[in-house]
There are 2 protein chains.
Amino acid sequence: MSVSTASLAFSGSGPIADATRSRVLDAAQALAYAGPNPLGRQLRRGRSGIVGVIMGDALRRAFRDPVAVQVLDGLTSTLGPLGLGVLLVPGPHDPSQPAVDPLLESAAMDVAVQMWGGTTDDPVLEMLRRRGTPTVLVEGTPQPDVAAVGIDDQGGMTELTRHLLDLGHTRIATVTLPFDRDRSEGAATPARLARISWEITRRRLAGVRDAGVTPTVVYETPASLVENGAAAGRALLSAPDRPTAILCQSDLLASGVVLAARELGLRIPQDVSVAGFDGLDLPWLAPDVLTSVAQPLARKGAVIGEAVAELLAGRTPEPRVLPVELRVGTTTGPVPTT
Amino acid sequence: MSVSTASLAFSGSGPIADATRSRVLDAAQALAYAGPNPLGRQLRRGRSGIVGVIMGDALRRAFRDPVAVQVLDGLTSTLGPLGLGVLLVPGPHDPSQPAVDPLLESAAMDVAVQMWGGTTDDPVLEMLRRRGTPTVLVEGTPQPDVAAVGIDDQGGMTELTRHLLDLGHTRIATVTLPFDRDRSEGAATPARLARISWEITRRRLAGVRDAGVTPTVVYETPASLVENGAAAGRALLSAPDRPTAILCQSDLLASGVVLAARELGLRIPQDVSVAGFDGLDLPWLAPDVLTSVAQPLARKGAVIGEAVAELLAGRTPEPRVLPVELRVGTTTGPVPTT
DNA sequence: GGCGGGGATCGAATCGATTCGACCGTCGCG
DNA sequence: CGCGACGGTCGAATCGATTCGATCCCCGCC
């Protein structure tokens, strides 16, 4: 009984007599052989069937974010049927810059997906380039030789801002995602505003400016969580010249602002309008429905999956920018007539 | 220049002259060699460094569940420093039973973690046993040769039920997690109650009975989401002989019930008490704080990680049952005096 | 009866790194 | 001056499956 015959028996392809096949399978059973070792196959094929997903600087934060989670869901749904597995790779840790995760350097992956594209000078992308791993960059600064998938967040934010302008708002504050790895909190100084290394934050901010609006305050948060939004909301709404509208760069932040407003006894949207970004389904905000810019989350995951497949086929996919859609809810209304 | 020398140069271990090492590294640079191929290393070592995490029947549901997500977070935090990666493996799809995910059969993994242990007759466990993959079973029916990690949910539920009894409640309804893959919705018939294949649902229900309580209604939900809880809450609270307390098998379900109660104009806890399970932090339920049984989520992930490490070391870890803790919030109170 | 063809099976090379034992050169010590 | 020891380098075997080409056998046809 030769090895090659056994291989044929297991793989199912190639010419093989039924009798032989069953003889092989019986012998396998008798010897408690568990079937082909994937490692051998992978080495031979030169493919591991694994797509590494690099999740920002800490998985814990990433997992708390429904946006990331839903995109990941769409991605796995697309990749699963292709026989590809998703390997979660923690990004570099916060404190020491040089320490890149050991997995990133040594894990076998056919393609890497860098979620929310990181900053302009990301060491992760550099590492991937060195290792020669084809990469899909999500929501990042365009790079040569790297597939890109993103949404039209700048345009969406402009549309959302215009919606507020149409309602007569002029004192508009904005609550943003983190600027960089430092993750400061509070009203941003002009100096700080000039150095935003996180692409997504910068683009959404640019969208506001495109509508001709200069926010009265740009409030930076250390993370896109409800509690961070609540903190921002409390700060902005208890200030003397409070804004009539608050534009948030994520729905979770906006939810926090809504909760803070309720806490302070302010009516929405009569006293203050609040808008978010992402288009999440937030049943617990009832009876309010957040005005937001919806991005196609599951579809984004699927499109990333398609880009992965393209890269595996040796092709370089075109950059994809997915459309977003303004969804007016109950949290925005005409400016109060004082 | 021999292959073995090059290997020495890259691995860093073993005796090697500095001059030689730099000569090797220079040559590597010149030839655009990206460093050792992980697949070769893995084959030689017989280890892939990958831990497969099998996430119920659909990733999408799993990801929406903060409990799963937080455990996963704790797990990755433990596994990362050990140089182990987490591979997400979708479980078998709903409709056709025979179809087990191709990844499950063919992915390289040193250890598998079966999240929320599945049902008693789980095809996944059978498959893993056949492949000879050491397995950690989370919240499942005990199995020979399988490491087990769980929480004392039965005891916790008993304690929670006693808390309601102490407050004078007698008409107690319960809202449960799914019974099985069918995922029905509505009040469960005795016949159906007798055949609960999902271990976790059965144990939490048993915890209620251990306190001597027979629920007036056992309301089954198709998934542990806020909207399912809201549907259950509406059904239970608009019935003629509505319960004075509703015991939910998860915090998300309980949140839904709280929202449904608010919607119906019922005061909590004056008109109805609501309790959950898991101990999630739910800022958006404010001003209410859910009475719940807290389980140590991140720690559970860490303990699973330890079990994985034990298995990799060739040892068989003891079954672990983590303690839970009753946390009384503002959503439970004395029974209404009619 | 002989030859051609086709289906089944087998050998051997290959993927890439690791690692053990062997070998070689040099240095130090007696 | 010679021998032993040690640090450095190299060969070759090994992990396990895949796959191409070669071989072999049997059957059918001339």
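The values are calculated or read from the model by the stated rules, or taken from the named source; none is laboratory data. No experiment lies behind these values; they were computed from the predicted model shown. Every residue, glycine among them, receives a Cβ derived from its backbone with ideal geometry; neighbour counts consider all protein chains shown.
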* To do: For residues that are of a type in the set (S, T, N, Q) and crowded, with 21+ Cβ neighbours inside 10 Å, scanning just the stretch B:204-241, find the one that is modelled with the lowest pLDDT.
  => B:224
* Could you give me the residue pairs with C-beta distances under 7 Å whose first residue belongs to the stretch B:22-40 and is more than 10 Å from chain A (Cβ to nearest Cβ), whose second residue is surrounded by fewer than 11 Cβ atoms within 10 Å (Cβ to Cβ) and part of a helix (DSSP H, G or I) wherever it lies, and which are 6+ apart or on separate chains? => none
* Is there any pair linking a residue in the stretch A:8-21 that is away from chain B (no Cβ under 14 Å) to one that is among the charged types (D, E, K, R) and more than 6 Å from DNA strand C (Cβ to nearest atom), with Cβ under 6 Å and at least six apart or on different chains, and which? -> A:9/A:21
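Does the stretch A:169-183 include one or more residues that are under 17 Å from residue A:246 (Cβ atoms) and surrounded by fewer than 21 Cβ atoms within 10 Å (Cβ to Cβ)?
Of the stretch A:169-183, the ones under 17 Å from residue A:246 (Cβ atoms) are A:169-177.
Going one step further and asking which of them are surrounded by fewer than 21 Cβ atoms within 10 Å (Cβ to Cβ), we end up with A:170-171.
Yes, the conditions are met somewhere in the stretch A:169-183.
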* If you scan the stretch A:185-242, which residues turn out to be part of a strand (DSSP E or B) and among the acidic types (Asp, Glu)? -> A:220
* Looking at (1) more than 12 Å from every other protein chain (Cβ to nearest Cβ); (2) farther than 28 Å from residue B:121 by Cα; (3) of a type in the set (Gly, Ala, Ser); (4) surrounded by fewer than 18 Cβ atoms within 10 Å (Cβ to Cβ), which is the only condition residue B:286 fails? -> (1)
* **All positions within the stretch A:189-203 that are at pLDDT 90 or above, of a type in the set (Ser, Thr, Tyr) and surrounded by 17 or more Cβ atoms within 10 Å (Cβ to Cβ)** => A:201
* Asked: Can you find a residue in the stretch A:284-302 that is touching a Phe, Trp or Tyr at 6+ places or on another chain (Cβ under 8 Å) and assigned to a helix (DSSP H, G or I)?
  -> yes
* Can you pull out the residues in the stretch B:130-168 that are without any contact (Cβ under 8 Å) to a residue 24 or more places away in the chain and surrounded by fewer than 16 Cβ atoms within 10 Å (Cβ to Cβ)? -> B:130, B:132, B:144, B:166
* Structure fact -> For residue A:307, the lone unmet condition from (1) surrounded by fewer than 24 Cβ atoms within 10 Å (Cβ to Cβ); (2) out of contact with any Leu (no Cβ under 9 Å at 6 or more places or on another chain) is (1)
* Cross-chain or 6+ apart pairs with Cβ under 9 Å, the stretch B:239-259 first and under 24 Å from residue B:283 (Cβ atoms), then among the polar types (S, T, N, Q) and part of a helix (DSSP H, G or I) -> B:247/B:161; B:248/B:255; B:249/B:201; B:252/B:228; B:253/B:228; B:256/B:228
* Asked: What are the residues in the stretch A:112-128 that are over 10 Å from residue A:91 (Cβ atoms), away from every other protein chain (no Cβ under 14 Å) and of a type in the set (A, V, I, L, M), if any?
  -> A:125
* Wholly within the stretch A:1-75, helices (runs of 4 or more DSSP H) carrying at least 1 residues that are within 10 Å of DNA strand D (Cβ to nearest atom) and either assigned by TED's automatic domain parsing to the domain that holds residue A:101 or loosely packed, with under 15 Cβ neighbours inside 10 Å (or both) -> A:3-11, A:38-45
* the stretch A:20-45, residues that are over 30 Å from residue A:109 (Cβ atoms) and within 6 Å of DNA strand C (Cβ to nearest atom) -> A:20
* Residue match in the stretch B:46-67 (condition: within 16 Å of DNA strand C (Cβ to nearest atom), out of contact with any strand residue (DSSP E or B) (no Cβ under 6 Å at 6 or more places or on another chain), at pLDDT 90 or above and more than 8 Å from chain A (Cβ to nearest Cβ)) -> yes
